[in-house]
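To keep things clear, I will list the structure first and then write my remarks on it.
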Amino acid sequence: MSSNYYAVIMAGGVGSRFWPVSTPEFPKQFHDMLGSGETLIQKTFKRLSQLIPKENILILTHENYQKIVQEQLPVVEEENIILEPAMRNTAPCILYAAMKIKKINQNAVMIVAPSDHWIEDELQFISNLQRTFDVCERDKVLMTLGILPTFPNTGYGYIEFNKLDSRPIKKVVQFREKPDFVTARKFIQSRHFLWNSGIFVWSVGAILDAFSEFQPEMTELFDKGYEAFNTPQERAFIEKNYCKAENISIDYAVMEKASNVYVLSATFDWNDLGTWGSLYEKLPKDQYDNAIVNADTYFNNATNNIVRSDKGKLVVIDGLNDYIIVDKEDVLLIYPKKKEQEIKTVSQHIAEQKK
């Protein structure tokens, strides 16, 4: 465990495809989505702390979630919770965090990881992570972890690598946006594509140089506050200037432009837990392939459903197949799994109606 190792856990998203459990007031990363006794952000923190000193783990989140983070991760010092006053996608917050880390340790190597992923084989995850850290300590590269595709998933971005490259760590040819089903099938058949996990590793020097080259305006904006970072003056600068940063992802801002990007094909099981369907895949099933979280259930002629309710509630279902059934306080959701991508739109429409 090196003092040069740092982690940035991104925990600012809303998780609207997990509505009605995930809401803008209390998003999915702060819920025990798997019924494991730990929330997703708690599991992520515990996983990363196997390799990275706890005092070197930073939590990036919206200022509205500060109290929730402090309640769920009491071991994290207040100065390690980086608060965004506005949602500006992943590039600005990563640049901000990297500058803060550089001011503490110019030799730092950092992982940027979402707070809401499911990773089962943690030994393999730590092994893969150590390998990427070793490379980034030695070479000025930007690294990502790619996931070997198991089916033509249209909900993930893809990473194309040189198919003639037989090394475990491969040079990235290009990032590809979420494809349609036919394109995704072609990607898998070609055998030189990986799913984009959204997990990145680099030295602070390498990522800040990349931002300087490809995002000079954003770099200049945050440079103005560099002297204030990690001091009592930091908050005032961020409150005034953060909203001026472009709303852009790290993929668009840097990764798709840089020529020194490499990918390690991960050897651990991974799921981004982006939808109820993806959660269904990872939960244990009964004899009729129904997945159940918290609820007591009585099924008749019901298969392939996911059911979630408050603990102890009896849910009786007859004649439903391939459905999402979620009971949460004042909302009951009964929705076909095949239309799960539409749940985000439904939740937004309902929120607009309530205004």
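The values are calculated or read from the model by the stated rules, or taken from the named source; none is laboratory data. Predicted model, so just to flag it, every value in this text is computed and none were measured. Note: ideal-geometry Cβ built from the backbone for every residue, glycine included; neighbour counts use all protein chains shown. Quick note on the areas: whole protein, heavy atoms, side chains included, nothing else; ligands and nucleic acids left out. Shrake-Rupley method; radii C 1.70, N 1.55, O 1.52, S 1.80 Å.
Provide the packing ranking of 69-81, 329-341, i.e. peptides ordered by the mean count of other C-beta atoms within 10 Å per residue, highest first.
Ranking, from highest mean packing down: 69-81, 329-341.
Count neighbours as other Cβ atoms within 10 Å of each site's Cβ, and list the trypsin sites (Lys or Arg not before Pro) in the range 240-318 that are DSSP loop with at most 14 such neighbours.
Here the sparse-neighbourhood loop sites are 257, 311, 313.
Send over a whole-number figure in Å² for the accessible area per residue of the range 203-355, probe 1.4 Å.
Each residue of the range 203-355 exposes 54 Å² on average to a 1.4 Å probe.
Could you work out what % of the accessible surface of the chain is carbon and sulfur, using a 1.4 angstrom probe and leaving DNA, RNA and ligands out of the count? Write down the numbers at each step before the final one.
On the way: 7930 of 16760 Å².
Accessible surface attributable to carbon and sulfur in the chain totals 47 percent.
Could you pull out every residue, at least 5 positions away or on a different chain, whose amide H is within less than 5 Å of the one on residue 290? Hs are placed 1.01 Å off N in the peptide plane, and Pro or chain starts have none.
The list, which skips near neighbours in sequence, is 304, 305.
Calculate, for the range 156-197, the solvent-accessible area per residue in square angstrom, rolling a 1.4 angstrom probe over the heavy atoms of the protein chains. Kindly include the intermediate steps, with their values, before the conclusion.
Values: 2510 Å² over 42 residues.
Here the per-residue accessible area is 60 Å².
Under the definition of Cα pairs under 8 Å and six or more residues apart, what whole-number percent is the relative contact order of the range 31-86? Before the final figure, lay out each step's value.
Details: 44 pairs, mean separation 18.3, N = 56.
So the answer I get is 33 percent.
Quick one: which residues, 5 or more positions from residue 199 or on another chain, have an amide H under 5 Å from its amide H? H modelled 1.01 Å from N in the peptide plane, none for Pro or chain starts.
145
If I fit a long axis through the Cα atoms of helix 181-190 and take the longest principal axis of the Cα atoms of the chain, what angle between them do I get, 0 to 90°, rounded to 10?
60
Can you list the HN-Hα couplings for the range 11-16, worked out from phi with the Karplus curve (6.51, -1.76, 1.60; θ = phi - 60°), rounded to whole Hz and with x for Gly and Pro?
Working through the residues one at a time gives 9, x, x, 9, x, 5 Hz.
With respect to the cross-link table entries 43/328; 28/224; 178/313; 178/244; 100/328, which display a Cα-Cα separation exceeding 31 Å?
In this structure, 28/224; 178/313; 100/328 lie more than 31 Å apart at Cα.
Relative to the present Cα-Cα distance, how much length would full extension add between residue 246 and residue 130 at 0.36 nm per residue of separation?
Value of the extension gain: 38.5 nm.
May I ask you to derive the relative contact order of the range 272-355, considering only C-alpha pairs under 8 Å and at least 6 residues apart, and to give it as an integer percent?
21
Would you tell me the accessible area of residue 31, worked out with a 1.4 angstrom probe on the heavy atoms of the protein chains, in Å² to the nearest 10?
30
In the range 111-159, which GluC sites (Glu not before Pro) fall in coil by DSSP and have 12 or fewer other Cβ atoms within 10 Å?
Values: sites: 120, 122, 137; in loops: 120.
When the GluC sites (Glu not before Pro) of the range 111-159 are filtered for loop state and at most 12 Cβ neighbours within 10 Å, 120 remain.
Ignoring ligands and nucleic acids, what accessible area does residue 123 show with a 1.4 Å probe (Å², nearest 10)?
140
So how much accessible area does residue 167 have, in Å² to the nearest 10, using a 1.4 Å probe?
Here the accessible area works out near 130 Å².
Given only helices, namely DSSP H runs of n ≥ 4 each adding -39500 (n - 2.57), what is the per-residue ellipticity at 222 nm of the chain, to the nearest 500 deg cm²/dmol?
-8500 deg cm²/dmol
Averaged per residue, what accessible area in Å² does the range 1-45 show with a 1.4 Å probe, protein chains only?
Here the residues of the range 1-45 average 32 Å² of exposed surface.
For Cα pairs less than 8 Å apart in space and 6+ apart in sequence, what is the mean separation divided by the residue count of the chain, i.e. the relative contact order in percent?
Working: 663 pairs, mean separation 69.6, N = 355.
Computed value for the chain: 20 percent relative contact order.
Which far-off residues, 5 or more places away or on another chain, put their amide H under 5 Å from the one on residue 265, with H placed in the peptide plane?
146, 170
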